[in-house]
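Each remark here refers to the structure printed beneath this line.
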2 protein chains.
Amino acid sequence: MRARVLIVGCGFGGLYAARALARAAVHVTVVDRANHHLFQPLLYQVATAGLSAPAIAAPIRQILARQKNARVLLADVRAIDAERREATLEDGQALCYDYLIVATGAAHSYFGHDEWALYAPGLKTLDDALEIRRRILLAFEHAERESDPACRAAWLTFAIVGAGATGVELAGTLAEIARHTLPGQFRQFDPRTARVMLIEGTDRVLPTYPPDLSEKARLQLERLGVTVWLNRKVTHADAEGVEAGGERLATRTVLWAAGVSASPLAATLGVPLDRAGRVEVRPDLSIPGHPEVFVVGDLAAVEGVPGIAPAAKQMGRLAARNVARSLQHEPSRPFRYRDYGQLATIGRRAAVAVFGRFRLWGFPAWLLWLVAHIYFLIGFRNRLVVLAGLAWSYWTQERHARIVLRD
Amino acid sequence: MRARVLIVGCGFGGLYAARALARAAVHVTVVDRANHHLFQPLLYQVATAGLSAPAIAAPIRQILARQKNARVLLADVRAIDAERREATLEDGQALCYDYLIVATGAAHSYFGHDEWALYAPGLKTLDDALEIRRRILLAFEHAERESDPACRAAWLTFAIVGAGATGVELAGTLAEIARHTLPGQFRQFDPRTARVMLIEGTDRVLPTYPPDLSEKARLQLERLGVTVWLNRKVTHADAEGVEAGGERLATRTVLWAAGVSASPLAATLGVPLDRAGRVEVRPDLSIPGHPEVFVVGDLAAVEGVPGIAPAAKQMGRLAARNVARSLQHEPSRPFRYRDYGQLATIGRRAAVAVFGRFRLWGFPAWLLWLVAHIYFLIGFRNRLVVLAGLAWSYWTQERHARIVLRD
C-alpha cells in the first residue's frame, strides 16, 4: 500500500512539493481552493491592467496532468487534525493522509483593524487583482463625472499602504498610467494631475533591501511622480480617506500592501505560531511532535528567509524530499535557504536587484527582472503571452486589460 | 452653439453612430454602463475559456480618445424623457440632448420565467461569460469530488437552451472541451463521458439559416458528440435540471441562449413596442412623434433585419447621418439593410455561412468565419491576441483561460 501524501495549497511551495514527488511511490493529493496556480510576482500587472488574468495563471489540473501519481481536488481545507492524520474540507468530508505538506501561505495584515479591508483591498489572488483594477479604473471614471473640485481630487488621489515590493510596483505603475496611458482620454480633467501616495511605516521603501537600493528606489519613484511618505503609520482608513502620521489624506482609492498574516489553517495544527500566525517549524520544516507534517512557504516562520517565490519553492522541494527520505527510513535533512537575490520593479523601465553583495538598479535591473520573470512563468504559452503583453505596454504605453468586470 | 448628440449604449450600433459623427459640428456624449466596447461574436470563446476577457474588449474611452468632439461617460441611463429631451442617470443626474440615439440592445428572454435566470445564465456581457466559464469548469471539478454515479452524471451533463448561433457555438465548443481538452486530467471519471445537450423549441438548429445549412450544422454538432433535441420547449428549470418536451433532464449546468428581450430603456420612450419589447421605429430609425430620437441595433424592430453586428453598425451609421442631415435641414433617409450574410461556427474547424444565395459549410466556412472575425475586431492588438489565442487552441486543444474567478 502506497503512502498517501496530502499537499494543501498549490502556490509555489505546494506545486514544487508535488512535482518533487513525481517519481516517489506515493499517492499525491493536491488540494487548493482555486483551480489555478498563480504566478504572484506579476499579480500587480493584472491589478494595473497590463496583463489579463489567464496570462499569469495555469490550471493546476493541467500542470499536473502527466504526473500519474497525483490527483487534484478543488476544495477548501478548513482544519487539520494532526492526531488523527485528517484534513477536513468545507463540506465536512475528511481526507486521510500519511504525510501532510501545508502550503497555504499568508495574506496582508491590517494590524488588528480588519474592518479596513473593505476600504483598502490587499493583493493576493486574481480576484483581489480584478477588484483593485476595478477600483483604479472606476476612480478615473468617477472623476470625469464629478463637478466638485475637492471631490474630484479625492477620486484622483491613490494611496498605497506599505512600500514592500508589491506597494512599490503598484505605485510606480499607477503613476505611469496617470502620466502616460490616460492623458487625452478625459475631458473634465488632466489625468497627469492624479496623485499617487506611497505610505510606509518604516524609514525607507523596500525595507528588506540594502539601504542604498532603498534610496535609489525612492528616487526612481519620485521621478515617476509618486509621493513617498516615510515613517508614517496608518492609524485609520474609511471610504473617504486614510490617516497616516497624524495627517488625513482625502482619497477614494486605498490599496493595502503592508503586514503579514498567515493563513488561519496554521492555528488548527496545534503548534506554536509566531506573531504573524506563522508556524515555527523545526529545521527540517516539520512541526513539533509530528515528523509527518511539514509546513512550507509563507506559512512557515524560518529565520532569515524572505517571503518570496524562490524560498517557497525550495521549501516545497525539501519537504517532499524529506517525505521520500522518511519512506526509505532515512533521517530528514534541515532546510538551507539558497539566496538567489531579490528584485522589484519601479515602473516600466527601472528596477532594483540585490544578490548577496552584488547590486543592480535602473534599466539593467529591469531587464534582469524581465528575463527572470518570464523564465519562471509556468507554461510556454504564458511566457509568450506575458512577454508580448509587457512588450506591448512598454512600447505603446497602453494598458490593454483596461476592462472593468463585475460592474 | 453646437447641437448635443447623446448616444446611449456603446455596442456596435452606438460605437458606429459615434464614429460617423466624428466630423460633424456637434458635441457627442457616449454613455455606457460598461467601460468597454465588446466584440460580442467572440463572447462564447471567453465563456469556454479559449480567450481572456480583455482580448475581445476595448476601453470605449481609448477607442474614442482622438475623436475630439466626443466625450465618454460611464453611467447607467435609467429613463428617457423625450418631451423634455433629457436622459436620467442612475444617480438622478439629467443629461440634456438635442438628438438622441438609443442603442442599448437586447438580452435573452426566459419566456415569462425570469426566475430561471438564476439556474440558466445567458450570455450577453463579459460578466456573463465569466459566470458561464466558472460554471462549466466547476462542474467538472464537482464531478471529480462526487462519489455517487447519478450525482456525478448530473455534473457531467450540460444543457444549452436555444440553438441559434450562440447556442450552437457554446454546444460545439463544450463538446470539444470534454472530448479533447480535458481527457487525462481527472482521476475519478473520463471527461469524454460528459453529455452536451442542445435543446431547441423549433424544428431545426440555426432557424434563421436556410434549412439545408441547419441540417449540415446539426450533423456537424452530432459528429462532435452533441445531442440535439429539436421541437422541445423548456417548461421548467431549477438547480437540478430542466424539463423539455415533457422529459426531465438531470443537469447541474444549464446555459440559456433563447429568446429576445429588449433593454427596459425602450419602455420609457413612450412609443409602441413589439412583443419582445423592441421599438417599432419609422423607416429612418427615428421614433414616432420625435424625429430627433433614433433607435438602432437590437433594440430596434425592423422587418427582415437580423440581430447581428453588421445590422447594428449599419443602423448606427444611418442614424448618425440622419442627425447630420437634420442639422443641414435636409430630409432624413430610410434604413436599407445590406445583407453581408451570416456565419456560425461549430467547434474548432467547422462552420456554416450564408450570403444571399451563396452557401458555405465545413472547414472553408470556418476559415471565412476566422478571417471575418479577426478583421472586424476593434484594435490591432486585439486582432493579434485573438488570432494567437485561437491558433493556440486550434493546435494544442488547450483552453488557456481555464481560470475560475470569483470563487
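The values are calculated or read from the model by the stated rules, or taken from the named source; none is laboratory data. These figures come from a predicted structure and were not determined experimentally. In this analysis, Cβ positions are derived from the backbone assuming ideal geometry, glycine residues included, and neighbour counts consider all displayed protein chains.
Return yes when residue B:383 is in contact (Cβ under 8 Å) with a residue 12 or more places away in the chain and in a helix (DSSP H, G or I) and no when it is not. Break it down stepwise before answering.
On the way: in contact (Cβ under 8 Å) with a residue 12 or more places away in the chain: no; in a helix (DSSP H, G or I): yes.
When the stated conditions are applied, residue B:383 does not pass them.
Selection of strands (runs of 3 or more DSSP E) fully inside region A:281-378 by the criterion of at least 1 residues being not assigned by TED's automatic domain parsing to the domain that holds residue A:22 returns A:342-345, A:351-355, A:358-361.
For region B:1-58, a residue qualifies if it is buried (at least 22 other Cβ atoms within 10 Å of the Cβ), assigned to a loop (DSSP other than H, G, I, E, B), at negative phi and not hydrophobic (A, V, I, L, M, F, W, C), and the qualifying residues are B:11, B:35, B:48, B:50, B:52.
Scanning region A:126-171 for residues that are of a type in the set (Val, Ile, Thr) and either within 14 Å of chain B (Cβ to nearest Cβ) or surrounded by fewer than 24 Cβ atoms within 10 Å (Cβ to Cβ) (or both), we see that the one that is farthest from residue A:53 (Cα to Cα) is A:157.
Would you pick out the residues in region A:156-181 that are among the polar types (S, T, N, Q) and either closer than 16 Å to residue A:129 by Cα or not assigned by TED's automatic domain parsing to the domain that holds residue A:213 (or both)? If the condition is that a residue be among the polar types (S, T, N, Q) and either closer than 16 Å to residue A:129 by Cα or not assigned by TED's automatic domain parsing to the domain that holds residue A:213 (or both), then A:166, A:173 are the ones that fit.
Screening A:123, A:174, A:182 for residues that are within 14 Å of chain B (Cβ to nearest Cβ) and under 24 Å from residue A:390 (Cβ atoms) leaves exactly one candidate, A:182.
Across region A:387-407, the qualifying residues are those that are within 21 Å of the chain's Cα centre (by Cα) and not in a loop (DSSP other than H, G, I, E, B), and the one among them that is surrounded by the most Cβ atoms within 10 Å (Cβ to Cβ) is A:389.
Would you please name the residue that is farthest from residue B:11 (Cα to Cα), looking only at residues in region B:373-386 that are surrounded by fewer than 16 Cβ atoms within 10 Å (Cβ to Cβ) and among the hydrophobic types (A, V, I, L, M, F, W, C)? Give the derivation first.
Narrowing region B:373-386 to residues surrounded by fewer than 16 Cβ atoms within 10 Å (Cβ to Cβ): B:374-376, B:380, B:384.
Among the residues that remain, those that are also among the hydrophobic types (A, V, I, L, M, F, W, C) are: B:374, B:376, B:380, B:384.
On the way: B:374: 17, B:376: 13, B:380: 18, B:384: 21 Å.
Filtering region B:373-386 for residues that are surrounded by fewer than 16 Cβ atoms within 10 Å (Cβ to Cβ) and among the hydrophobic types (A, V, I, L, M, F, W, C), the one farthest from residue B:11 (Cα to Cα) comes out as B:384.
Here residue A:285 meets each of (1) on the phi > 0 side of the Ramachandran plot; (2) surrounded by fewer than 20 Cβ atoms within 10 Å (Cβ to Cβ); (3) at pLDDT 95 or above with one exception, condition (2). May I ask you to list the residues in region B:356-407 that are closer than 18 Å to residue B:133 by Cα and small (Gly, Ala, Ser)? Answer for region B:356-407, where residues must be closer than 18 Å to residue B:133 by Cα and small (Gly, Ala, Ser): B:389, B:393, B:401. Go through region B:48-58 and give me each residue that's more than 9 Å from chain A (Cβ to nearest Cβ) and of a type in the set (A, V, I, L, M, F, W, C). Passing the criteria: only B:56. Set side by side, the residues A:27, A:37 differ, and just one is within 14 Å of chain B (Cβ to nearest Cβ) and without any contact (Cβ under 8 Å) to a residue 60 or more places away in the chain, which is A:27. Screening region B:372-407 for residues that are within 29 Å of residue B:354 (Cβ to Cβ) and basic (Lys, Arg) and picking the one that is farthest from the other protein chains (Cβ to nearest Cβ) gives B:383. Inspect region B:198-209 for any residue being modelled with pLDDT of 95 or more, of a type in the set (A, V, I, L, M, F, W, C) and more than 25 Å from residue B:355 (Cα to Cα) and give the result as yes or no. Scanning region B:198-209, I find at least one residue that is modelled with pLDDT of 95 or more, of a type in the set (A, V, I, L, M, F, W, C) and more than 25 Å from residue B:355 (Cα to Cα), so the answer is yes.
What do you reckon, is residue A:302 buried (at least 24 other Cβ atoms within 10 Å of the Cβ), β-branched (Val, Ile, Thr) and modelled with pLDDT of 95 or more?
Details: buried (at least 24 other Cβ atoms within 10 Å of the Cβ): no; β-branched (Val, Ile, Thr): yes; modelled with pLDDT of 95 or more: yes.
In short, no.
Once region B:118-169 is narrowed to residues that are part of a loop (DSSP other than H, G, I, E, B) and among the acidic types (Asp, Glu), the residue that is nearest to the chain's Cα centre (by Cα) is B:146.
Being of a type in the set (Val, Ile, Thr) and more than 21 Å from residue B:205 (Cα to Cα) holds for only one residue in B:302, B:254, B:260, and it is B:302.
Among the residues examined, residue B:359 qualifies as in contact with a helix residue (DSSP H, G or I) (Cβ under 8 Å, 6 or more places away or on another chain), surrounded by fewer than 17 Cβ atoms within 10 Å (Cβ to Cβ) and in contact (Cβ under 8 Å) with a residue 24 or more places away in the chain.
For region A:276-294, a residue qualifies if it is of a type in the set (Gly, Ala, Ser) and touching a strand residue (DSSP E or B) at 6+ places or on another chain (Cβ under 7 Å), and the qualifying residues are A:276, A:277, A:286. When region B:59-81 is filtered for residues that are more than 14 Å from chain A (Cβ to nearest Cβ) and surrounded by fewer than 18 Cβ atoms within 10 Å (Cβ to Cβ), the ones remaining, listed by number, are B:78, B:79, B:81. Restricting attention to region B:96-117, report how many residues are under 17 Å from residue B:162 (Cα atoms) and surrounded by fewer than 18 Cβ atoms within 10 Å (Cβ to Cβ). Residues in region B:96-117 being under 17 Å from residue B:162 (Cα atoms) and surrounded by fewer than 18 Cβ atoms within 10 Å (Cβ to Cβ): 5 in total.
Among residues that are free of Cβ contacts under 8 Å to residues at least 40 places away in the same chain and away from chain B (no Cβ under 11 Å), residue A:115 is included.
Determine, yes or no, whether residue A:86 is touching a residue at least 12 places away in the same chain (Cβ under 8 Å), in the same structural domain as residue A:293 (by TED's automatic domain parsing) and charged (D, E, K, R). No. I need the full set of residues from region A:89-112 which are more than 19 Å from the chain's Cα centre (by Cα), in contact (Cβ under 8 Å) with a residue 60 or more places away in the chain and not in a loop (DSSP other than H, G, I, E, B), in order please. Those that are more than 19 Å from the chain's Cα centre (by Cα), in contact (Cβ under 8 Å) with a residue 60 or more places away in the chain and not in a loop (DSSP other than H, G, I, E, B): A:95, A:96, A:99, A:100, A:101.
Please pick out the residue among B:39, B:12 that is closer than 30 Å to residue B:348 by Cα and assigned by TED's automatic domain parsing to the domain that holds residue B:270.
Details: B:39 fails: assigned by TED's automatic domain parsing to the domain that holds residue B:270.
Result: B:12 is the single residue among B:39, B:12 that is closer than 30 Å to residue B:348 by Cα and assigned by TED's automatic domain parsing to the domain that holds residue B:270.
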